[in-house]
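What follows is a single structure, written as structure tokens, with notes after it.
The values are calculated or read from the model by the stated rules, or taken from the named source; none is laboratory data. Quick caveat, the model's predicted, so the values are computed rather than measured. Cβ placement follows ideal geometry from the backbone for every residue including glycine, while neighbour counts extend to all protein chains displayed.
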Amino acid sequence: MTLEFDGKVTASFLRSGQVVSNASNCAAVIAGVGLLLGRPGAGRVWFAASAVLWLVAVYLGLRVSIDAGLFRDLAEKPEDGGRSLDEWLRARGVGQPARERSMEERSRGALRLWIRLIVVAAVQFAALAAGLVLQAWRPDAG
């Protein structure tokens, strides 16, 4: 597998994180409405949990989005292996890599971040679903 191919495939996976981020944003809107209009009780706690998880998803989504663009650019110059990026980051005080990393290591790290985004969004959706079920459930009805 070539470094160019690895960079392009990684960028493609990371770009799909935008769909996850958009779904997370929709879930946050629903959770916000549930917080504002929902009956007091456990359902609102789950809506609040979903909203807090959305903040984490926004952070991860931003990082995944930045990485998607960087991997797209790194794929155009695979022979550089990201050294120019590391120099740019150091020059601007944005990051201090502990050591030089290969493209494969960079790719694995970026994909771990992408997976974290998916996991956080999944837990956010589960919290939202729990809130919706608890808001709809009325034990005294029947």
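Annotations
- Meets criteria (more than 18 Å from the chain's Cα centre (by Cα), in contact (Cβ under 8 Å) with a residue 12 or more places away in the chain and either under 27 Å from ALA130 (Cβ atoms) or surrounded by 15 or more Cβ atoms within 10 Å (Cβ to Cβ) (or both)) for GLY17: no
- Among the helices (runs of 4 or more DSSP H) confined to the stretch 1-96, the ones with at least 2 residues that are within 30 Å of TRP137 (Cα to Cα) and among the β-branched types (Val, Ile, Thr) are located at 17-37, 42-76.
- Boolean, VAL58 is of a type outside the set (Gly, Ala, Ser), free of Cβ contacts under 8 Å to residues at least 60 places away in the same chain and either exposed (fewer than 13 other Cβ atoms within 10 Å of the Cβ) or within 25 Å of VAL119 (Cβ to Cβ) (or both): yes
- Condition broken by VAL119, with the remaining ones in (1) under 12 Å from the mean Cα position of the chain (by Cα); (2) farther than 18 Å from SER16 by Cα satisfied: (2)
- All told, ARG90 falls short of being at pLDDT 85 or above and of a type outside the set (A, V, I, L, M, F, W, C).
- Residues that are buried (at least 16 other Cβ atoms within 10 Å of the Cβ) and among the hydrophobic types (A, V, I, L, M, F, W, C), drawn from the stretch 1-14: LEU3, ALA11, PHE13, LEU14
- Scanning the stretch 4-35 for residues that are under 17 Å from GLY69 (Cβ atoms) and of a type outside the set (S, T, N, Q) yields GLU4, ASP6, GLY7, LYS8, VAL9, ALA11, PHE13, LEU14, ARG15, GLY17, VAL19, VAL20.
- Residues of the stretch 20-55 satisfying the condition of being without any contact (Cβ under 8 Å) to a residue 12 or more places away in the chain and under 30 Å from MET103 (Cβ atoms): ASN22
- No other residue among ARG72, ARG108, ARG101, ARG112 is within 22 Å of the chain's Cα centre (by Cα), of a type in the set (Lys, Arg) and surrounded by 15 or more Cβ atoms within 10 Å (Cβ to Cβ) apart from ARG72.
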